[in-house]
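Data block below; observations after.
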Amino acid sequence: MLEAAVYGGAVLGGGGGGWIEDGLETGRLALEVGSPLLVTADEMNDDDLLATVALVGAPAAENQYVKPIHYVRALQLLEKTIGQPIKGIITNETGPERR
């Protein structure tokens, strides 16, 4: 499903999301450290909290300063602040840039 999600985002995404290779690498890392699931909206409970996640700036820039652990930490801080677990994330845009 990882490849389907990355390539689907490359075709259907709004652009600005980085490179396909980076998406595959980040996805593989997520699978190494956890068990992420892709689900449809009807598989969620009415009271499940979703967060729309985005990077501000240029994540595809040559000199990146954001690492995958920063994404995780941001969600951990959000959960701590609101006192409720986040059950899912929605990206604001996906799609490949050309090198």
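The values are calculated or read from the model by the stated rules, or taken from the named source; none is laboratory data. Owing to the predicted nature of the structure, the values given are computational and were not obtained by experimental measurement. Counting neighbours? That spans all protein chains shown, and the Cβs are built from the backbone with ideal geometry, glycine included.
Is it the case that some residue within the stretch 50-58 is modelled with pLDDT of 90 or more and either farther than 15 Å from residue 22 by Cβ or in contact with a strand residue (DSSP E or B) (Cβ under 8 Å, 6 or more places away or on another chain) (or both)?
yes
Restricting to the stretch 30-49, give me the number of residues that are modelled with pLDDT under 90, of a type in the set (A, V, I, L, M) and within 14 Å of the chain's Cα centre (by Cα).
Count: 4.
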